[in-house]
Amino acid sequence: MQTTSNLLMIKPVRFDFNAETAVNNSFQQASADEQVSAKATAEFDRFVSVLRNAGVQVTVVEDTPEPHTPDSVFPNNWISFHTDGTIFLYPMFAVNRRLERKPHVLSAIAEKFQVANTIDLSTYEQQHVFLEGTGSMVLDRENKIAYACLSPRTDLTVLNDWCNKAGFRPVAFTSVDSKGDPIYHTNVMMCIADRFAVICLDSIPDSKERTAVTETLQDTKKEIIEISFDQMNHFAGNMLQVKNTTGQHYLVMSSQAYHSLTPDQVQRIEKYNPILHSDITTIETNGGGSARCMMAEVFLPEK
């Protein structure tokens, strides 16, 4: 099953620019706006409404003021949920992001879903190697493939360990932005849906790696919809396919990402599913993440 109708989203309480993550996230820009937190909360609420109005089930858990976790709105980096009842916890690059693993979030999930096993990989933080969940990995769940661009936040050793434990095959490569700097998370440059993939192939400089990724996508019968560096910079790679309770699929993205797409790209995507988008500009600018980062897919069996 590639898509789910259940999402976990964390409502921010003290959202802010995080200097600890900005060292290797070129998408972040500090704002002088004193209303950043309030604006981010309003954007979050509107985004949740867009999803719920489409029939997608969203479990909203409000963050706590203390400890201060400015990036808590991006839960997909520290936790993932799987069909066999397994939860994975991930090693995080930024020290203050490790505080996002809050017990009340896990309790809220356990109230609604069956949790059979928790695998905690956060001990890798002691070795200063990291794997930031479905930010570091873009998962083809049906074909058991984990695409991952290696970076300071995505270590090959941890990736291989996760793949061994989860039963996935890694497809690792290097991806860079237009300036040649490493892309911090794979889900910035690609998205895997049930029958198509959105990807910035230009960001993979090594021709052999680019060919390997392309051939893997083709072998798994995915139509490849390419995006440019400029579109990637507008978060057009940061998308997630979801479904509602009746089985209708949607591709979810930010309004910024949507407006960067060409009419042809929109048409090719909507051949498979409608698009849902919401304006989350404050979150994107200060947090350096977009719509996909805000949604942790819950594949656990429901109680």
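The values are calculated or read from the model by the stated rules, or taken from the named source; none is laboratory data. Treat the numbers as computed from the prediction; the structure is a model and nothing was measured. Neighbour counts are summed over all protein chains in view; Cβ atoms, including those assigned to glycine, are modelled from backbone coordinates with ideal geometry.
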- Query: Pairs, please: C-beta under 9 Å, at least 6 apart or cross-chain, first residue surrounded by 22 or more Cβ atoms within 10 Å (Cβ to Cβ) and in the stretch 32-45, second modelled with pLDDT of 80 or more and part of a loop (DSSP other than H, G, I, E, B)?
  - Reply: 40/12; 40/73; 40/280; 43/279; 43/280; 44/12; 44/73; 44/280
- Message: Any residue in the stretch 54-82 that is within 25 Å of residue 141 (Cα to Cα) sitting within a Cβ distance under 8 Å of a residue that is assigned to a strand (DSSP E or B) and of a type in the set (Gly, Ala, Ser)? List the pairs, counting only those 6 or more apart or interchain.
- Response: 75/296; 76/296; 79/296; 80/296; 81/296
- Query: If we keep just the residues of the stretch 46-65 that are touching a strand residue (DSSP E or B) at 6+ places or on another chain (Cβ under 9 Å) and closer than 23 Å to residue 103 by Cα, which is modelled with the lowest pLDDT?
  - Reply: 63
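Got a sec? Which of 132, 142, 111, 66 is under 30 Å from residue 212 (Cα atoms) and surrounded by fewer than 16 Cβ atoms within 10 Å (Cβ to Cβ)?
On the way: 132 fails: surrounded by fewer than 16 Cβ atoms within 10 Å (Cβ to Cβ); 111 fails: under 30 Å from residue 212 (Cα atoms); 66 fails: under 30 Å from residue 212 (Cα atoms).
Only one candidate passes the filter, namely 142.
Could we say that residue 217 is aliphatic (A, V, I, L, M), out of contact with any Gly (no Cβ under 6 Å at 6 or more places or on another chain), part of a strand (DSSP E or B) and over 21 Å from residue 132 (Cα atoms) here?
Details: aliphatic (A, V, I, L, M): yes; out of contact with any Gly (no Cβ under 6 Å at 6 or more places or on another chain): yes; part of a strand (DSSP E or B): no; over 21 Å from residue 132 (Cα atoms): yes.
No; evaluated as a whole, the condition is false for this residue.
Test of understanding: among 68, 128, which residue is closer than 20 Å to residue 160 by Cα and either modelled with pLDDT under 95 or out of contact with any helix residue (DSSP H, G or I) (no Cβ under 6 Å at 6 or more places or on another chain) (or both)?
On the way: 68 fails: closer than 20 Å to residue 160 by Cα.
Answer to the selection: 128.
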- Output yes when any residue across the stretch 118-131 is in a loop (DSSP other than H, G, I, E, B), at positive phi and touching a Gly at 6+ places or on another chain (Cβ under 8 Å), and no when none is. no
- Message: Out of 73, 50, 36, I need the residue that is of a type in the set (Val, Ile, Thr), touching a helix residue (DSSP H, G or I) at 6+ places or on another chain (Cβ under 7 Å) and under 26 Å from residue 191 (Cβ atoms). Which one?
- Response: 73
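If you check 123, 118, which single one turns out to be more than 28 Å from residue 5 (Cβ to Cβ), surrounded by fewer than 17 Cβ atoms within 10 Å (Cβ to Cβ) and β-branched (Val, Ile, Thr)? Don't jump to the end; show me each part of the working.
Details: 118 fails: more than 28 Å from residue 5 (Cβ to Cβ).
Sole residue among the options that is more than 28 Å from residue 5 (Cβ to Cβ), surrounded by fewer than 17 Cβ atoms within 10 Å (Cβ to Cβ) and β-branched (Val, Ile, Thr): 123.
Which of the residues spanning the stretch 126-153 are over 22 Å from residue 2 (Cα atoms) and polar (S, T, N, Q)? Don't jump to the end; show me each part of the working.
Applying the first criterion (over 22 Å from residue 2 (Cα atoms)) to the stretch 126-153 yields 126-130, 150-153.
If the condition is that a residue be over 22 Å from residue 2 (Cα atoms) and polar (S, T, N, Q), then 126, 127, 151 are the ones that fit.
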- Please name all residue pairs, on different chains or six or more residues apart, with Cβ atoms under 7 Å, provided the first residue is in the stretch 119-140 and is of a type in the set (D, E, K, R) and the second residue is surrounded by 15 or more Cβ atoms within 10 Å (Cβ to Cβ) and part of a helix (DSSP H, G or I). 125/98; 132/77
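So how many residues does the stretch 228-270 have that are part of a strand (DSSP E or B) and of a type in the set (A, V, I, L, M)?
Just the residues of the stretch 228-270 that are part of a strand (DSSP E or B), to begin with: 240-243, 249-254.
Restricting the remaining residues to those that are of a type in the set (A, V, I, L, M) gives 240, 242, 251-253.
Summing the residues that are part of a strand (DSSP E or B) and of a type in the set (A, V, I, L, M) in the stretch 228-270 gives 5.
Here is a yes/no grid of residues against (1) surrounded by fewer than 18 Cβ atoms within 10 Å (Cβ to Cβ); (2) among the hydroxyl-bearing types (Ser, Thr, Tyr):
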{"site": "229", "(1), (2)": "yes, no"}
{"site": "242", "(1), (2)": "no, no"}
{"site": "250", "(1), (2)": "no, yes"}
{"site": "264", "(1), (2)": "yes, no"}
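Okay, residues lined up against (1) within 19 Å of residue 281 (Cα to Cα); (2) in a helix (DSSP H, G or I):
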{"position": "46", "(1), (2)": "yes, yes"}
{"position": "49", "(1), (2)": "yes, yes"}
{"position": "58", "(1), (2)": "no, no"}
{"position": "64", "(1), (2)": "no, no"}
{"position": "68", "(1), (2)": "no, no"}
{"position": "83", "(1), (2)": "no, no"}
{"position": "96", "(1), (2)": "no, yes"}
- Item | Residues satisfying the stated conditions in the stretch 164-192, i.e. farther than 22 Å from residue 284 by Cα and not in a strand (DSSP E or B) | 164, 165, 166, 167, 168, 174
